[in-house]
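Below is one structure; the comments refer to it alone.
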Amino acid sequence: MTHLFRALCIAMALFAVALVLLQLERTPWAERVHLNTLAGQLARLKYEHAHASVKAAPPPPRRPINLSGRYERSLVEVLILEMGLPGAATLGILALARRKRRGTPPAGPR
Amino acid sequence: MAAPSPAPVSDSFKLRWDALLFVAFVFSAMPHATGVFFHEWTSLALVAVVVTHLVFNWSWIIRTTRQVFSRLPAEVRFNHIWDALLFVLFVLTILSGLLVSQQALPSMGLPWVPSRFWMVLHNMSATGLTVMIGVHIAMHLGWVWTRLRRKPGPAMDAAKGEEP
């Protein structure tokens, strides 16, 4: 029962944070991205309208959503580059901080 | 009067749960390899797994939050702030993913409204989340290593009051 209550508290916190983050859509950045998308669509329509009479090869089919290159991750990229390197850096910093706290001299020649 | 504390979860079970969380996250972070369907449903299931992970470490979260304005070791303070940021970024990743969901939401009868803004945000937050989880695991690697070398026993969190 206690675990259930705690899970409910965490779920409520999650929901509250999500509600706050939804407000990001009203920021100038979101407006700019939205306007850029509309401008791109308009330019594409204008181009297609201007070249409608010209017989040309059809453009390649567009993907339903514009996925950036970051979407295509491999296992090596996730484990080594995105998780492993920051983790290794953290372990190094932690080891240095603990050694400094203990006051032990650094290993190797001075 | 304080509420009765529930039976502590054993460390070996916590470790197995964390391993499940790690594997599920890694595979859901590769939608190109696993497919959008698996990516979306695994990510939604991750919410329940993460909530359970937080429930398991509830006592550490509460204890550290209470002491956050008093004297705390720098490492514990950093850990606490990092975990809070990780929670916010996780919510942002799931929220933006839901808003650009191509299969999970439409299968529930909700319309798919493509949004470039949320897609950009989803890519950025997912990359940030992966990096932050790498640091989070590194911060707790000592605990993981100790649990791996020790035989399964009673929950350390309840017995000794150490960090998860």
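Where a number appears in this text, it was derived from the coordinates with a stated rule and is not lab data. Note that the structure is a prediction, hence the values are computed from the model and not measured. Cβ: placed from backbone, ideal geometry, glycine included. Neighbour counts: every protein chain shown.
Below, the figures for the structure above:
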quantity: Residues B:Phe22, B:Phe117, sorted so that the one with the fewest Cβ neighbours within 10 Å comes first; calculated: B:Phe22, B:Phe117
quantity: Which of A:Met83, B:Met119, B:Met108 has the fewest Cβ neighbours within 10 Å, and the rest in rising order; calculated: B:Met108, B:Met119, A:Met83
quantity: Convex hull volume per residue for the range B:74-136, taking Cα atoms only, in Å³; calculated: 76
quantity: Per DSSP, loop chymotrypsin sites (Phe, Trp or Tyr not before Pro) in the range B:51-81 with at most 13 further Cβ within 10 Å; calculated: B:Phe69
quantity: The range B:1-101, relative contact order in percent, only Cα pairs under 8 angstrom and at least six apart counted; calculated: 23
quantity: Computed helical MRE - 222 nm, chain B, DSSP H runs ≥ 4 contributing -39500 (n - 2.57), nearest 500; calculated: -23500 deg cm²/dmol
quantity: Other protein chain Cβ atoms within 10 Å, averaged over every residue that makes up B:74-85; calculated: 1
quantity: Pair A:Ala95, B:Val76: separation of 7 Å Cα→Cβ label points (nm); calculated: 2.5
quantity: Inter-site label distance for A:Val76 and A:Ala13 at 7 Å from Cα along Cβ, in nm; calculated: 3.9
quantity: DSSP H segments from chain B that extend 24 Å or more along their own axis, Cα-based, with Kyte-Doolittle mean of 1.6 or above; calculated: B:36-56
quantity: Burial ordering of A:Phe15, B:Phe90, fewest other beta-carbon atoms within 10 Å first; calculated: A:Phe15, B:Phe90
quantity: Rounded Å value of the spacing that divides the Cα centres of the range A:1-37 and the range B:10-53; calculated: 20
quantity: Per residue, the convex hull volume that the Cα atoms of the range A:1-55 enclose (Å³); calculated: 97
